[in-house]
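Enquirer: Pasting a structure below so you can have a look.
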Amino acid sequence: IISYYDEISNFKYDSNSREISFSMPFEWSISNINQTSEVHQEIVVPKNFGDLLVSGYDMYINHVKISQDVVNIDDFFSEERVVHFIIYQRELLNVFQYNQNQDEMNFIIKPDRDYTHLSSVTENGQFRVLVSWEPENLKSNSNAKIIFDITDIFLKNRPVATEYEFSMTQNNKIIYEQSGISSDSKEEHNIAEFMMPEGISGIAYLNFKNLDNNNLAKSTIPIIIDRITNEISIPDWIRNNALWWSEEQIDDNTFIQGIEYLIKNNIIVIPQTQQESSTLQEIPPWIRNNAAWWAAGQIDDTTFVQGLEYLIQKGIIRV
């Protein structure tokens, strides 16, 4: 979270509801609102954190729903999405009439739909891909239905008929692929239906490439197959290690070696995760942020473990 108004506190993320909450001081008075042209908050979402790469967000301030006009999604960074929430005076006045006696803003930000509906922009900035699937929890050895639309950003995100290549992959292996011409209808979506092979679980990727025969018109969206939460077990004392590492009191190698030892000896129990053939050399900054938030109880075990699974896939943690 980046705040351009005041320091935030009480940050929490609920992985089940995909709901972000935090607080910020604010004087709820007409005189202060009249002097406040806007309150600007940003959320930075790593593009490998699929749960929050949704197509839209709802914001509530002190339990009052804010207009969708305040939300602006910027997907034009290669590694992260930046979501801007710019709350103007008219929105502040609307909240004020319901919450005149409070001295802070209590924010809740969550996906704007009850079902998962993700979006991503192609590397060349021309197309936006919107994706959902059925059933909500995709499982191995069962039917899967991927529903997607390809829209043109320069045509105000209108669906367009364009050539595409689609695939689902895991560990650089193709699970399913198809190609065709996308629908330009707002009512008729593109469908990919197939049987999910046996033994598929964890993070997989929906890949769209060569849109309109342009090799730069490509995008990848991470999703989770066979999402399981009851296999996670992390002793509370490990939070100290995560905190020390997030504060750079211990180095990356010490932290990683400790996590590897704990997983190998079943002190930390996480869903089985396979390593990809492509690896990373450095730990992304968002993993360190997750460790700090988890140590402080601001995110749950499931969200923290998603970071560990990512490090296993990228070959940084070896188990």
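The values are calculated or read from the model by the stated rules, or taken from the named source; none is laboratory data. All values reported here derive from a predicted model rather than from experimental measurement. Because the Cβ atoms are built from the backbone with ideal geometry, glycine has one as well, and the counts that use them run over all protein chains shown.
Enquirer: Taking segment 184-224 on its own, how many of its residues are among the charged types (D, E, K, R) and out of contact with any strand residue (DSSP E or B) (no Cβ under 9 Å at 6 or more places or on another chain)?
Expert: Of all residues in segment 184-224, those among the charged types (D, E, K, R) come to 184, 186-188, 193, 198, 209, 212, 218.
Cutting the leftovers down to out of contact with any strand residue (DSSP E or B) (no Cβ under 9 Å at 6 or more places or on another chain) gives us 187, 198.
Looking only at that region, the number is 2.
Enquirer: Filter segment 271-285 for residues that are closer than 24 Å to residue 249 by Cβ and either surrounded by fewer than 18 Cβ atoms within 10 Å (Cβ to Cβ) or modelled with pLDDT under 80 (or both) and give the result.
Expert: 280, 281, 282, 285
Residue-wise test of (1) surrounded by fewer than 16 Cβ atoms within 10 Å (Cβ to Cβ); (2) without any contact (Cβ under 8 Å) to a residue 12 or more places away in the chain; (3) in contact with a Leu (Cβ under 7 Å, 6 or more places away or on another chain); (4) not in a helix (DSSP H, G or I).
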{"site": "22", "(1), (2), (3), (4)": "no, no, no, yes"}
{"site": "48", "(1), (2), (3), (4)": "no, no, no, yes"}
{"site": "59", "(1), (2), (3), (4)": "no, no, no, yes"}
{"site": "73", "(1), (2), (3), (4)": "no, no, no, yes"}
{"site": "82", "(1), (2), (3), (4)": "yes, no, no, yes"}
{"site": "93", "(1), (2), (3), (4)": "yes, no, no, no"}
{"site": "100", "(1), (2), (3), (4)": "yes, no, no, yes"}
{"site": "105", "(1), (2), (3), (4)": "no, no, no, yes"}
{"site": "119", "(1), (2), (3), (4)": "no, no, yes, yes"}
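Enquirer: Of the residues in segment 293-319, how many are of a type outside the set (D, E, K, R) and assigned to a loop (DSSP other than H, G, I, E, B)? Spell out how you get there, then give the answer.
Expert: We begin by selecting, within segment 293-319, every residue of a type outside the set (D, E, K, R); these are 293-299, 302-308, 310-313, 315-317, 319.
Subsequent filtering for residues that are assigned to a loop (DSSP other than H, G, I, E, B) retains 296-298, 315-317, 319.
Of the residues in segment 293-319, 7 are of a type outside the set (D, E, K, R) and assigned to a loop (DSSP other than H, G, I, E, B).
Enquirer: Looking only at segment 146-165, which residues are more than 11 Å from residue 188 (Cα to Cα) and either among the charged types (D, E, K, R) or assigned to a strand (DSSP E or B) (or both)? Break it down into steps so the answer makes sense when it comes.
Expert: If we filter segment 146-165 for residues that are more than 11 Å from residue 188 (Cα to Cα), which is where we start, we get 146, 150-158, 160-165.
Hits for segment 146-165 are 146, 150, 151, 152, 156, 158, 163, 164, 165.
Enquirer: I'm trying to understand the selection: among the residues of segment 124-138, which are in contact with a strand residue (DSSP E or B) (Cβ under 7 Å, 6 or more places away or on another chain), within 17 Å of residue 202 (Cα to Cα) and not in a strand (DSSP E or B)?
Expert: Selection gives 138 alone.
Enquirer: Residue 49 fails exactly one of the following numbered conditions: (1) touching a strand residue (DSSP E or B) at 6+ places or on another chain (Cβ under 9 Å); (2) modelled with pLDDT under 95; (3) farther than 16 Å from residue 20 by Cα. What is the number of that condition?
Expert: Failing condition for residue 49: (3).
Enquirer: Using the structure shown, decide if residue 248 is surrounded by 13 or more Cβ atoms within 10 Å (Cβ to Cβ), at pLDDT 80 or above, acidic (Asp, Glu) and outside the structural domain of residue 19 (by TED's automatic domain parsing). Spell out the reasoning first.
Expert: Numbers: surrounded by 13 or more Cβ atoms within 10 Å (Cβ to Cβ): no; at pLDDT 80 or above: yes; acidic (Asp, Glu): yes; outside the structural domain of residue 19 (by TED's automatic domain parsing): yes.
In short, no.
Enquirer: Being modelled with pLDDT under 95 and of a type in the set (D, E, K, R) is the requirement here; does residue 128 meet it?
Expert: Numbers: modelled with pLDDT under 95: no; of a type in the set (D, E, K, R): yes.
No: the conditions fail for residue 128.
Enquirer: Quick check on this structure: which one of 146, 238 is within 30 Å of residue 301 (Cα to Cα), touching a residue at least 40 places away in the same chain (Cβ under 8 Å) and not small (Gly, Ala, Ser)? Working first, answer last.
Expert: Details: 238 fails: touching a residue at least 40 places away in the same chain (Cβ under 8 Å).
When all the criteria are applied, what remains is 146.
Enquirer: May I pose another question? Please go through segment 130-173 and pick out each residue that is of a type in the set (S, T, N, Q) and at negative phi. Steps first, please.
Expert: Filtering segment 130-173 down to residues of a type in the set (S, T, N, Q) leaves 132, 137, 140-143, 151, 157, 162, 167, 169-172.
Across segment 130-173, the qualifying residues are 132, 137, 140, 142, 143, 151, 162, 167, 169, 170.
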